[in-house]
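S.K.: Mind looking over this structure? Questions follow.
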Amino acid sequence: MIPELDLVFERVVDVPSEMMWKCWTEPTYLVHWFTPAPWKTIDCKIDLRPGGLFHTTMLSPEGQQFPMNGCYLEIVKERKLVWTDALVVDYRPSENPFITASITFEPVGNATSYIAKVLHKDIETRKKHEAMEFHKGWGIALDQMVDYIKKTML
């Protein structure tokens, strides 16, 4: 980790890690929480394997669509996901890389320690992501996931 290039979001939440894993790895769950409201996730495709596709399309409140294509780099079932938009399926280079994200889920009793580390290629990209209210946005998305789990999965 290079602190000046990375952003970290962490929180302990009162839902089981296996439910959080499902929310991150199954499209039917991910579309309900992934994008901070009032934005929406309108499409998701997941091929959960190293080199497999991680695709989302976000919809802005103004109706603009923002597709993101990436690939998984590391998968440790129910514990860790690493994905990047610097590569697409089967590790092919992408045109406009922005981030690599490492998401960890660590059980803490009946709760989960959730840590998202987001790596950027340079300081300007990190600052841009931070200015997009990274911590607020990831916090809203996590709150949406926890709420979704409590309402529909427990």
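S.K.: Write out the trypsin sites (Lys or Arg not before Pro) in region 49-154 meeting two conditions: DSSP loop, and at most 15 other Cβ atoms within 10 Å of their Cβ.
M.R.: K77, R79, K121
S.K.: Assuming R0 = 30 Å, can you tell me the calculated FRET efficiency for the pair K45 and V76, based on Cβ-Cβ distance, to the nearest 0.05? Before the final figure, lay out each step's value.
M.R.: Working: r = 21 Å, r/R0 = 0.71.
E between K45 and V76, to the nearest 0.05, is 0.90.
S.K.: Moving on. Return an integer: the convex hull volume of the alpha-carbon atoms of region 90-154, in Å³ per residue.
M.R.: On the way: hull volume 8.7 nm³, N = 65.
Expressed per residue, the convex hull around the Cα atoms of region 90-154 is 134 Å³.
S.K.: A follow-up question, please. When only Cα pairs under 8 Å and 6 or more residues apart are kept, what is the percent relative contact order across region 3-153?
M.R.: The value is 29 percent.
S.K.: Can you list the lysines whose alpha carbon is less than 30 Å from that of K150, not counting same-chain residues fewer than 8 positions off?
M.R.: K22, K40, K45, K77, K80, K117, K136
S.K.: Cα-based Rg of region 43-99 per 2.2 N^0.38 Å, rounded to two decimals?
M.R.: My calculation over the Cα atoms of region 43-99 gives 1.18.
S.K.: Rounding to the nearest 20 debye, state how big the charge dipole of region 22-154 is about its Cα centre with +1 on each Lys and Arg Cβ and -1 on each Asp and Glu Cβ.
M.R.: 260
S.K.: Considering only the other residues whose Cβ falls under 10 Å of the Cβ of S102, what net charge follows from Lys and Arg at +1 and Asp and Glu at -1?
M.R.: Spelling it out: positives minus negatives among the neighbours equals 0.
S.K.: Here's another thing I want to ask about it. How large is the convex hull of the C-alpha atoms of region 3-153 per residue, in Å³?
M.R.: 106
S.K.: When only DSSP loop residues count, what GluC sites (Glu not before Pro) in region 1-94 have their Cβ near at most 13 other Cβ atoms within 10 Å? It would help to have the intermediate numbers written out before the result.
M.R.: Working: sites: E4, E10, E18, E62, E74, E78; in loops: E62, E78.
Qualifying residues, ordered by number: E62.
Since every read-out is calculated from the coordinates, none of them should be taken as a lab result. Since we're looking at a predicted model, the values are computed, not measured. Every residue, glycine as well, gets a Cβ built from its backbone with ideal geometry; the counts of neighbours run over all protein chains shown.
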